[in-house]
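The values are calculated or read from the model by the stated rules, or taken from the named source; none is laboratory data. All values derive from a computational prediction rather than experimental measurement. Using ideal geometry, Cβ is built from the backbone for each residue, glycine included, and neighbour counts are taken over all protein chains shown.
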Amino acid sequence: MYQTIHEAIAVVGVYSHACFTPKKFLWKNRVHQIADITSVTDIRDGQVRARRYSCVAENNSYRLVFNRSEETWLLEEVWCE
Amino acid sequence: MSSTSLAFLHIDINSYFATLLQQETPALRGKPLAVVKEVDRTCIIAASKEAKMLGVKTGSSLIAVKKAVPQILVVPADFSLCWSATHRLKKLFESLTPSSELFSLDESFIHFAPLVRLYSSPLELAQKIRSEIFATLGEWVTCNIGIARTRFLAKLASETASPDSITEVFPDQEAVLLARVICSDVCGIGYRLNKKLHALDVHAPYQINFIPQQDLERAVGIFWAQQLRLMAQGDEPLFLQRLAEPAKQMKSVGRSITGWRLCNNEAMIKRTLYNLVAEVVHKIRRMHLAGRQVSLFISGEDKHWSNFITLKRHIWHTKELFYWVYSHLYQQWRERFPVIKLAVRLSLLESWYVVPQSLLPAWQKDESLAEACDTISSRYGLFAITSGILARGHRIHPEVAGFLGDKQYQFL
């Protein structure tokens, strides 16, 4: 089950073919290397647009949310067995 | 034109809700998964391929399934994930062909005729689609593709095949397919129709060919007798033929909610009804529609109550609809029982450009207010501004239904 975290993070990634791919993120002073992006979900409510990157880092799943209007990153949820 | 160039392809993603969750979270892959609407819900709305192999069916009770399959994992559905994936699928099919028809959240039809110069056969197109879905949605997402002369046969072929397969039905195999499948598995034959067919000793669609017309009409009526005859021949019934027509304006918009437990609390019922009304009105206003038939449905403890009213004029304000739902219909409910499900519907919809507007100053004021709220909602989201009734507590937000009955609204 995913546990809500909802904390601001810093994300580093690459642009390729006009598409951003996160590569690592900084959360609680620790860098997490992203091994795989398993899913990309576009979320929209009114004109509030967000893109959720579901990724695997160090064998755990994370949901990173990028607010496209405010250009901010949040670690939204973490998978806990 | 050869028979293959007239073929239809039906693409159906296997166990959509569950497969997408497994794609997103590798820890869930290969495990039997039961998807419920929200945490603590007990009705299974989707099951993974692994769970289906253990006999878990959509619509089963979680309590019963947990007894039979103790290792089952229960996860809440992620509607945003599914809706986003459907958008990607729609874009993908539109990039491949000008004639893709979205049938439900995870099903589409593609007519091969316009693509006959691009692909040597429908099978080649099917293989291309399969690899594109893999690249778009991920390596865990698999699909069934049926290829046949009509949409009906293509759908039947993909639905009866094993997961992750391409099935081509040639004209000489059509009768075998129609004789092999059971009526309850056929799209369009619901529970009651299936029961009537059972009474005629019909278990497979092909058997309908041997029932005299009079007997069939007596059992299921003229309309369904005609539709069933088409199905028995492998031809398309009306609901599939209509996919080729341009989308028509919606006839009604409704919203229902089933709670966790029975509710007697008047304030909670009022609040829930307002929430449902607000969503219905938000949808009709976005589509510039107005309706004049208001319906309310209440159920709980195996009891049901429903009522409707047909108004002389069209309405399209939350205040008006809530008045008719709560102050009029709901107050007529006499033999009260604890409630588990509430449903609100506004029907007989027309474009608001063709219905007369009220000239009363009070109505004009309400319209100005509604327009201002629409502007705020379109910018900041639904319920960014709403009535004080919904100010506190959990709000019911719009959801996508698997059959995508409101696709005209969803793709606005």
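When segment A:58-77 is filtered for residues that are within 9 Å of another protein chain (Cβ to nearest Cβ), surrounded by fewer than 21 Cβ atoms within 10 Å (Cβ to Cβ) and in contact with a strand residue (DSSP E or B) (Cβ under 7 Å, 6 or more places away or on another chain), only A:ASN60 remains.
No other residue among B:TYR274, B:TYR330, B:TYR326 is closer than 20 Å to B:GLU367 by Cα and part of a helix (DSSP H, G or I) apart from B:TYR274. Return the total of residues in segment B:111-131 being under 26 Å from the mean Cα position of the chain (by Cα) and in a helix (DSSP H, G or I). Residues meeting the conditions: 3.
On inspection, B:PHE103 does not qualify as buried (at least 20 other Cβ atoms within 10 Å of the Cβ) and touching a His at 6+ places or on another chain (Cβ under 7 Å). For segment B:250-271, the candidate set comprises residues that are in a loop (DSSP other than H, G, I, E, B) and either in contact with a helix residue (DSSP H, G or I) (Cβ under 6 Å, 6 or more places away or on another chain) or not polar (S, T, N, Q) (or both); within that set, the residue that is surrounded by the most Cβ atoms within 10 Å (Cβ to Cβ) is B:MET250. Are any residues in segment B:33-59 surrounded by 20 or more Cβ atoms within 10 Å (Cβ to Cβ), away from chain A (no Cβ under 14 Å) and farther than 21 Å from B:LEU156 by Cα, and if so, which ones? Passing the criteria: B:ILE44, B:GLU50, B:ALA51, B:VAL56. A single member of B:LEU62, B:LEU89 is buried (at least 16 other Cβ atoms within 10 Å of the Cβ), within 14 Å of chain A (Cβ to nearest Cβ) and aliphatic (A, V, I, L, M), and it is B:LEU89.
Just name the residue that is nearest to the other protein chains (Cβ to nearest Cβ) out of those in segment B:360-404 that are loosely packed, with under 12 Cβ neighbours inside 10 Å, assigned to a loop (DSSP other than H, G, I, E, B) and modelled with pLDDT under 90. By that ranking, first place goes to B:HIS394.
Among the residues in segment B:190-209, are any part of a strand (DSSP E or B) and either free of Cβ contacts under 8 Å to residues at least 60 places away in the same chain or under 30 Å from B:GLN23 (Cα atoms) (or both)? No: zero hits.
In the set (1) touching a strand residue (DSSP E or B) at 6+ places or on another chain (Cβ under 8 Å); (2) within 14 Å of chain A (Cβ to nearest Cβ), the condition left unmet by B:ARG29 is number (1). Here the condition is being surrounded by fewer than 18 Cβ atoms within 10 Å (Cβ to Cβ) and closer than 30 Å to B:LYS155 by Cα; of B:ALA247, B:ALA225, it holds for B:ALA247 alone. For segment B:228-244, the set of residues classified as among the small types (Gly, Ala, Ser) and surrounded by fewer than 16 Cβ atoms within 10 Å (Cβ to Cβ) consists of B:ALA244 only. Any residue at all in segment B:315-323 that is over 28 Å from B:GLN410 (Cβ atoms), assigned to a loop (DSSP other than H, G, I, E, B) and of a type in the set (A, V, I, L, M, F, W, C)? Within segment B:315-323 (the criterion being over 28 Å from B:GLN410 (Cβ atoms), assigned to a loop (DSSP other than H, G, I, E, B) and of a type in the set (A, V, I, L, M, F, W, C)), the answer is no, since none of the residues qualifies.
Listed here are the strands (runs of 3 or more DSSP E) enclosed by segment B:1-100 that have at least 1 residues being closer than 30 Å to B:ARG117 by Cα and either touching a residue at least 24 places away in the same chain (Cβ under 8 Å) or of a type outside the set (Lys, Arg) (or both): B:8-13.
Before we move on, is B:THR310 within 14 Å of chain A (Cβ to nearest Cβ), surrounded by fewer than 17 Cβ atoms within 10 Å (Cβ to Cβ), out of contact with any Cys (no Cβ under 6 Å at 6 or more places or on another chain) and modelled with pLDDT of 90 or more?
no
Here B:SER95 passes the criteria (1) over 23 Å from B:CYS43 (Cα atoms); (2) within 22 Å of the chain's Cα centre (by Cα) except the one numbered (2). Quick one: is A:CYS55 within 25 Å of B:VAL35 (Cβ to Cβ) and within 14 Å of chain B (Cβ to nearest Cβ)? Yes.
Filter segment B:283-301 down to the residues that are of a type outside the set (A, V, I, L, M, F, W, C) and not in a strand (DSSP E or B), then identify the one that is nearest to the chain's Cα centre (by Cα). Ranking the qualifying residues of segment B:283-301, first place goes to B:LYS283. Applying the set (1) assigned to a helix (DSSP H, G or I); (2) surrounded by 18 or more Cβ atoms within 10 Å (Cβ to Cβ); (3) not hydrophobic (A, V, I, L, M, F, W, C) to B:SER108 leaves exactly one unmet item: (1). Summed over segment A:37-51, the residues that are facing chain B (nearest Cβ under 7 Å) and at pLDDT 80 or above give a count of 5.
Got a sec? Which of B:TYR326, B:TYR353, B:TYR409 is in contact (Cβ under 8 Å) with a residue 40 or more places away in the chain, within 15 Å of B:LEU276 (Cα to Cα) and among the hydroxyl-bearing types (Ser, Thr, Tyr)?
Residue meeting the stated conditions: B:TYR326.
Out of curiosity, is B:LEU216 of a type outside the set (Gly, Ala, Ser), assigned to a helix (DSSP H, G or I) and over 24 Å from B:GLY59 (Cα atoms)? Considered against the rule, which asks whether it is of a type outside the set (Gly, Ala, Ser), assigned to a helix (DSSP H, G or I) and over 24 Å from B:GLY59 (Cα atoms), B:LEU216 comes out as yes.
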